[in-house]
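A.B. asks: One structure is given below, represented as structure tokens, and several questions about it will come after.
The values are calculated or read from the model by the stated rules, or taken from the named source; none is laboratory data. All of these numbers come straight from a predicted model, not from anything done at the bench. Cβ sites come from the backbone with ideal geometry, for glycine too, and all protein chains shown count toward neighbours.
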Amino acid sequence: MKRRITTLVLTAILAVSFLSGCQKDSGAETQKETETTTKETVEAIDIRVGGLKGPTSMGMVQLMEAAEQKTAFNNYTFTIAASADELTPKLIQGDLDIAAVPANLASVLYNNTKGAVELLAVNTLGVNYIVEVGDTISSMEDLRGKTIYATGKGSTPEFALRYLLSEYGLDPDKDVTIEWKSEPTEVVALLAQGGGIAMLPQPFVTVAQSSVAGLNIAVDMTEEWDKLENGSMLITGVLVVRKEFAEQYPQQVAKFLDEYKESTEYVNANVGGAALLVEKYGIVAAAVAQKAIPYCNITYMEGSEMKTAMEGYLNVLFEQKPEAIGGALPGDAFYFER
């Protein structure tokens with residue numbers, strides 16, 4: 001009798017174990033099926049991307065090539081413009097879905113459209129350099145009493161220059177003379193005629209070095225900013241997306257970010273090949289791009305890293321001139337999260 005009871009108990013235990021195993025296997029298979037179904041439901045869509053001629057678009061050239069070769073996940077079309085004024089109306093009106101724009105402009109758009117755009121990623125850090133014909137300048141302090149030719153009055157280049165001069169003990173209005181020009185080509189012409197000191201962005205630094213004898217990079221403004229250890233970073237370019245589009249296609253936007261990140265990594269690791277693509281897509285000549293890319297600080301930051309960097313940078317601009325970022329620091333809703 002005891003033996004029979006023991007046998008029944010063991011049989012019951014084995015049955016329960018078997019059923020539990022089946023349930024686990026079934027659960028695992030169900031999870032796999034769900035994951036597969038989720039992956040299958042992410043369908044490629046058409047995404048219209050805008051960029052500017054310069055470093056903020058150089059990082060996307062490998063993605064542009066993938067789109068042309070039909071190997072990218074989504075169906076991308078790209079518009080490369082000479083100025084942000086060409087892109088922003090298209091973005092606001094819905095003719096573009098994503099755009100690479102100056103960092104402060106992203107905040108201005110967010111404030112002016114009452115949150116109709118979101119920040120996707122930081123794609124370019126500092127691109128401005130102090131250059132001179134000669135070798136008398138090696139730090140911001142050495143600019144005391146000098147005349148600086150520059151472009152970008154009223155925009156981020158001016159704010160960055162004035163901020164750095166102030167942080168290194170110089171009064172921008174008294175200790176230096178800044179002569180503002182409308183185009184980098186004007187600055188290059190002045191340097192070619194009589195030498196001097198200038199603040200120029202890449203790739204114009206590289207262009208100038210090819211035509212102005214003895215022109216050297218004297219100060220890397222990004223490095224000088226980093227030395228301050230003020231909790232911020234010098235940021236030039238970012239990616240923004242229409243909020244409505246991001247909410248409608250979050251998974252496709254995430255796919256774009258993955259492919260865009262791969263593109264920036266390719267550009268930084270394969271300068272020669274990237275330079276050819278930069279020329280192919282009408283951004284700048286390959287010879288210029290090959291020399292300039294290592295100095296363009298092409299990068300990729302998203303999520304919390306992006307938020308921390310951008311908040312610090314915008315705060316610096318806000319303290320100088322609130323209008324530079326649209327009058328107010330953006331809230332958390334400004335920052336896209338996967």
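A.B. asks: Taking the range 144-157 as the search range and keeping residues that are polar (S, T, N, Q) and not in a strand (DSSP E or B), which one is farthest from V316 (Cα to Cα)?
C.D. replies: S155
A.B. asks: Okay, next question. If V253 satisfies every condition in (1) assigned to a strand (DSSP E or B); (2) under 19 Å from the mean Cα position of the chain (by Cα) but one, which is the exception?
C.D. replies: Result: V253 passes all but (1).
A.B. asks: Any residue that is under 22 Å from the mean Cα position of the chain (by Cα), acidic (D, E) and loosely packed, with under 15 Cβ neighbours inside 10 Å - is there at least one of those in the range 149-159?
C.D. replies: No, the range 149-159 contains no residue that is under 22 Å from the mean Cα position of the chain (by Cα), acidic (D, E) and loosely packed, with under 15 Cβ neighbours inside 10 Å.
A.B. asks: Can you confirm whether D95 is assigned by TED's automatic domain parsing to the domain that holds P322 and part of a loop (DSSP other than H, G, I, E, B)?
C.D. replies: Answer is yes for this residue.
A.B. asks: Checking the condition in a strand (DSSP E or B), modelled with pLDDT of 95 or more and of a type in the set (D, E, K, R), which residue from E141, E179 passes?
C.D. replies: Values: E141 fails: in a strand (DSSP E or B).
That would be E179, the only listed residue that is in a strand (DSSP E or B), modelled with pLDDT of 95 or more and of a type in the set (D, E, K, R).
A.B. asks: Let me ask another. Restricting attention to the range 166-173, does a residue exist that is within 23 Å of F318 (Cα to Cα), surrounded by fewer than 18 Cβ atoms within 10 Å (Cβ to Cβ) and in contact (Cβ under 8 Å) with a residue 60 or more places away in the chain?
C.D. replies: Yes, that holds for at least one residue.
A.B. asks: So is K255 over 21 Å from T156 (Cα atoms) and in contact with a helix residue (DSSP H, G or I) (Cβ under 9 Å, 6 or more places away or on another chain) or not? Steps first, answer last, please.
C.D. replies: Details: over 21 Å from T156 (Cα atoms): yes; in contact with a helix residue (DSSP H, G or I) (Cβ under 9 Å, 6 or more places away or on another chain): no.
Criteria not met by K255.
A.B. asks: While we're on this one: Collect the residues in the range 111-138 that are under 30 Å from Y260 (Cβ atoms) and part of a loop (DSSP other than H, G, I, E, B), keeping them in residue-number order. Break it down into steps so the answer makes sense when it comes.
C.D. replies: Step one: of the range 111-138, the residues under 30 Å from Y260 (Cβ atoms) are 111-129.
Of everything in the range 111-138, those that are under 30 Å from Y260 (Cβ atoms) and part of a loop (DSSP other than H, G, I, E, B) turn out to be T113, K114, G115, A116, G126, V127.
A.B. asks: Can you pull out the residues in the range 71-94 that are surrounded by fewer than 13 Cβ atoms within 10 Å (Cβ to Cβ) and in contact (Cβ under 8 Å) with a residue 40 or more places away in the chain?
C.D. replies: The answer is G94, and nothing else.
A.B. asks: Additional query: Pull up the range 192-205, narrow it to residues that are over 30 Å from the mean Cα position of the chain (by Cα) and assigned to a helix (DSSP H, G or I), then point me to the one that is modelled with the lowest pLDDT.
C.D. replies: The qualifying residue modelled with the lowest pLDDT is G194.
A.B. asks: Still on this structure: Can you tell which of E265, E247 is in the same structural domain as Y110 (by TED's automatic domain parsing), under 27 Å from T113 (Cβ atoms) and either modelled with pLDDT of 95 or more or not in a helix (DSSP H, G or I) (or both)?
C.D. replies: Checking each option against the conditions leaves just E247.
A.B. asks: Residues G152, G115: which one is at pLDDT 95 or above and over 25 Å from A274 (Cβ atoms)?
C.D. replies: G115
A.B. asks: Does at least one position in the range 270-293 carry a residue that is in a strand (DSSP E or B), outside the structural domain of D220 (by TED's automatic domain parsing) and polar (S, T, N, Q)?
C.D. replies: No: the range 270-293 contains no residue that is in a strand (DSSP E or B), outside the structural domain of D220 (by TED's automatic domain parsing) and polar (S, T, N, Q).
A.B. asks: In the range 88-129, what residues are in contact with a Pro (Cβ under 8 Å, 6 or more places away or on another chain), more than 17 Å from G303 (Cα to Cα) and among the polar types (S, T, N, Q)?
C.D. replies: Hits for the range 88-129 are N111, N128.
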